[in-house]
Structure formats: structure tokens, C-alpha cells
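The values are calculated or read from the model by the stated rules, or taken from the named source; none is laboratory data. All values derive from a computational prediction rather than experimental measurement. Note: ideal-geometry Cβ built from the backbone for every residue, glycine included; neighbour counts use all protein chains shown.
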């Protein structure tokens, strides 16, 4: 990747998710592409779902970060295909979610063989799998509310999509 395109990509990739501010857009997997053509930087983002209320904030923050990195002409493009999946969250993003107290979605990217089914979610506080879902609807649309029966702490679980 050319140095100027890489600089623009680093700026876009560093933007934090407004709903889970411990994750960058790169960690979350919504940053799809960054191109530079004729002085214009085009950043392509895919929302976690088509009605994501945070997309306008993400688009504004990405444009501002890329401009602040020395690229005055910035376009942010929203694409719906290929669709985003929780499999797009990076390993670093999964680690950050857990450290933040949010149970990351299971990794469903098997190379081959059977698809594993998770019947419980590991508590990000104590590590127990003796957990229960309290509500399919959590603090944001992409999270569910769970509770650990071992340590009794409630926690968010990032839904698998």
C-alpha cells in the first residue's frame, strides 16, 4: 500500500466506535476500504446492520480524522454488501470487548467441519460459563443483557450476526 493511502487508512482505522468506545472501526470490522484517487480519499464503511443508529457519527468521525491527517478532500461511502458479520470483529477487538466487560460473540469462522453451537456465554468478569440471558435487548441493538450465576454480575454480550 502506498504511504499516503496507508496514512489515510491509519487515520480512518483509529476512529472509535461511538457505542463501544474501546473498539476502533478496524477492530469492529466495519472499515472495508480506503482509496486515494486524484487527491480524494474515499473511505468505505459497512454498518453492523442496515439500521445502525451510530453510522452517521462514524461517518462524520472518519471524515474528520482523515481530514486531520492532512487529506482535505474526503468522501465516506456506506455499503451494505457484503454484509457485516460478527465474524468480522478482529481478534484484537474480541480481546478488547472482553477486557471492557462485554462478552464477545463466538468465533464462527471454522475452516471446515461442524459448526459449533454455544449454549452459554463466558462471563467476562469471572470466566464462568454458568450464565443466563436476561434480555435479548441490551444497552445497544447489537448487544444482549446476560447475568453470571457464579459471580452474579450482569454483563453485555455482543450478539452474533
Looking at this structure, is residue 48 surrounded by fewer than 17 Cβ atoms within 10 Å (Cβ to Cβ) and not in a helix (DSSP H, G or I)? no
Condition test on residue 32, is it touching a strand residue (DSSP E or B) at 6+ places or on another chain (Cβ under 7 Å), loosely packed, with under 14 Cβ neighbours inside 10 Å and not in a helix (DSSP H, G or I)? no
In the set 21, 3, the lone residue that is more than 28 Å from residue 99 (Cβ to Cβ) and either out of contact with any strand residue (DSSP E or B) (no Cβ under 8 Å at 6 or more places or on another chain) or surrounded by 21 or more Cβ atoms within 10 Å (Cβ to Cβ) (or both) is 3
Checking residue 91 against (1) surrounded by fewer than 17 Cβ atoms within 10 Å (Cβ to Cβ); (2) touching a residue at least 12 places away in the same chain (Cβ under 8 Å), which single condition isn't satisfied? (2)
I'm trying to understand the selection: among the residues of region 135-161, which are more than 16 Å from the chain's Cα centre (by Cα), surrounded by fewer than 17 Cβ atoms within 10 Å (Cβ to Cβ) and closer than 19 Å to residue 20 by Cβ? 135, 136, 137, 145, 153, 154
For a quick check of your reading: which strands (runs of 3 or more DSSP E) sit entirely within region 67-161 and have at least 1 residues that are at pLDDT 95 or above and assigned by TED's automatic domain parsing to the domain that holds residue 27? 73-78
Inspect region 67-84 for any residue being crowded, with 19+ Cβ neighbours inside 10 Å, farther than 22 Å from residue 5 by Cα and touching a residue at least 40 places away in the same chain (Cβ under 8 Å) and give the result as yes or no. yes
